[in-house]
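Single-structure report; data block below.
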Amino acid sequence: MMSEETSPSLAAPKLERVRHDLKWRTLTVAKIERLSPGMLRLHLTSDELSDFTSLSPDDHIKILLPNPDGDPFMRDYTPRLFDNASASLVIDFAVHEAGPATLWALSAKIGDTVKIGGPRGSVVIKGPIAKWLLVGDEAALPAIGRRIEETEAGISVTSVIAVESSEDRQSFVSAAAHDEIWVHRPLSQGDRPDAMIAALDKIDIGTDTFVWIAAEAKVAKAIRVYMTEKRGIPAGWFKAAGYWQKGEAGAHVAIE
Ligand SMILES: Cc1cc2nc3c(=O)[nH]c(=O)nc-3n(C[C@H](O)[C@H](O)[C@H](O)COP(=O)(O)OP(=O)(O)OC[C@H]3O[C@@H](n4cnc5c(N)ncnc54)[C@H](O)[C@@H]3O)c2cc1C
């Protein structure tokens, strides 16, 4: 492992929490794109999106789906792209063992409607960040793609993303200098951190690098531990979340 670990002396970035009024909106499917074998993109529209707000690439909205047996299902998704002027919102769905959200997306047709709520809040990360290290899997790819595209010139971004095969790679347009590392593993091993940690072992993580991690909960936890224990990343210089949990429906796991 090359080492130029993060110095604890630099003031940590601030995670500023901004609340938004909760608003429910009914959206119509306007366009469907298969980005890759493992990713489906839905373009949604509604006049109700004219005041849609999402301040951070890792914001999430709730998708509400009918449940014949009780309360509706709610699942978290990233606003991948949005435009108030054209009242449009894009959501990318990772394709996997289908729960209600994935099933809905896979069977969606132009003109279908869906109800979404939020985002209820945004965590805006501000500070002396010269570099982002973005680590995640398919579920985190929309948030990672948005962060890469929204990062300004003069800042560098390294992404380490696990997908099934080279067909699932995506390309991003960014003013930032972007270095991409793709890790291939079958989705059946989506709860195993070893391939991602092996890729992370090969990269330098210098001072003023903010590490953002989102993946299957066990993987996100293992990478969080690796970052603190093996790479010495100090508190305040990373954010980690479990975006799903193997064998659990509708999981969103906070990683401390
Ligand atoms: C903040 C946040 C943002 C997110 N943004 C996105 C996004 O933009 N796009 C996206 O695709 N996902 C995103 N996710 C993940 C998404 O919420 C979950 O994958 C969700 O569980 C999918 O719901 P479902 O109804 O299809 O499956 P569920 O009913 O929740 O689960 C059914 C089965 O599928 C498994 N499963 C769930 N997700 C995955 C997965 N990704 N890969 C493999 N197996 C899985 C579960 O373990 C379970 O066994 C996000 C999660 C969070 C917390």
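Where a number appears in this text, it was derived from the coordinates with a stated rule and is not lab data. All values derive from a computational prediction rather than experimental measurement. Positions of Cβ are backbone-derived with ideal geometry, glycine not excepted, and every protein chain shown enters the neighbour counts.
Data overview
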| read-out | value |
| --- | --- |
| Backbone N within region 212-228 under 18 Å of label point (7 Å from H96 Cα along the Cβ vector) | 213-224 |
| Spacing of the two label points (7 Å from each Cα toward its C-beta) at A11 and T28, in nm | 5.0 |
| Student exercise, region 1-153 dipole from Lys, Arg, Asp, Glu Cβ charges, in Debye to nearest 20 | 220 |
| Listed pairs K115/K221; K62/K109; K31/K126; K31/K221; K131/K202 exceeding 24 Å between Cα atoms | K115/K221; K31/K126; K31/K221 |
| For the chain, calculated [θ]222 nm from helices alone, where every DSSP H run of n ≥ 4 adds -39500 (n - 2.57) | -4000 deg cm²/dmol |
| Chain lengthening between D112 and V225 when straightened (0.36 nm per residue, less Cα-Cα) | 36.4 nm |
| The chain: Cα Rg divided by the 2.2 N^0.38 Å rule of thumb | 0.99 |
| Among F73, F238, F93, residue whose mean-square fluctuation peaks in a GNM of the chain (springs only between Cα atoms under 10 Å) | F73 |
| Beta bridges per DSSP with both ends in the chain, % antiparallel, nearest 5 | 60 |
| Calculated FRET value between R120 and D83, using beta carbons and R₀ = 22 Å, to 0.05 | 0.55 |
| Separation of alpha-carbon centers, region 36-80 and region 133-167, rounded to whole Å | 19 |
| Gyration tensor verdict on region 10-50 (Cα atoms; rounded if a/c is under 1.5, prolate if a/b is larger than b/c, oblate otherwise) | oblate |
| Spatial extent of region 122-254: Rg and Dmax, with the Cα atoms as the point set, Å | 13.9, 41 |
| For region 18-120, convex hull of alpha carbons as volume per residue, Å³ | 103 |
| Interchain or long-range residues, amide H under 5 Å from I155's placed H | A177 |
| Order by protection proxy (mean Cβ within 10 Å, highest first), peptides 227-235, 210-218, 239-247 | 210-218, 239-247, 227-235 |
